[in-house]
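Following: one structure in structure tokens, then a few remarks.
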Amino acid sequence: MGEQLEDVLEQLISTGTATHSIKGKKLETGVRTLPDFMKDATDRNRTSPFAFTGNKFEFRMVGSRDSISECNVVLNTIAAEAFKEASDRLEAAEDFDLAVHDLIKE
């Protein structure tokens with residue numbers, strides 16, 4: 001998921017709220033004539049097929065000879081099932097806000 005999203009989820013699980021997000025750390029080049037740069041806190045691993053990049057997930061495309069249809073079917077099925085489970089729980093809840101909080105915390 002990447003360090004940034006994992007940190008936000010861990011905050012939600014432990015405290016119920018996410019108050020901050022990991023910032024990029026300083027990249028020290030070791031060269032005095034060059035300034036230090038801030039590292040990107042997001043997942044910039046270009047080999048990751050489904051990376052979280054700070055504020056979104058990126059689904060990286062397959063090679064030109066491959067079809068993405070099977071991957072799309074699987075991802076859409078997973079998303080549909082997750083939405084169905086969440087909506088069933090929220091529709092049956094007596095306290096909607098508490099149910100949303102509990103759902104996110106899980």
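Here, the stretch 65-106 has an Rg and a Dmax of 14.8, 51 Å when only alpha carbons are counted. Each peptide among 31-38, 85-92, 7-14 gets the average number of other Cβ atoms lying within 10 Å of its residues, and from highest to lowest they stand as 7-14, 85-92, 31-38. For LYS39, the residues whose amide H sits under 5 Å from its own are LYS25, LYS26, LEU27, ignoring neighbours fewer than 5 places away on the same chain, with H placed 1.01 Å from N. Placing +1 on the Cβ of every Lys and Arg and -1 on the Cβ of every Asp and Glu, with no other charges, gives the stretch 65-106 a dipole of roughly 280 debye about its Cα centre. Scanning residues 5 or more positions from SER21 or on other chains, none has an amide H under 5 Å from its amide H, with H placed 1.01 Å from N in the peptide plane. Close amide-amide hydrogen proximity is noted between GLU58 and ALA51, PHE52, THR53, each under 5 Å apart and 5 or more residues distant or on a separate chain (H modeled in the peptide plane; Pro and chain starts excluded).
Each reported figure results from applying straightforward, stated rules to the coordinates on display, with no laboratory input. Since this is a predicted model, take the numbers as computed values, not measurements. All Cβ positions, glycine included, derive from the backbone under ideal geometry; neighbour counts span all protein chains shown.
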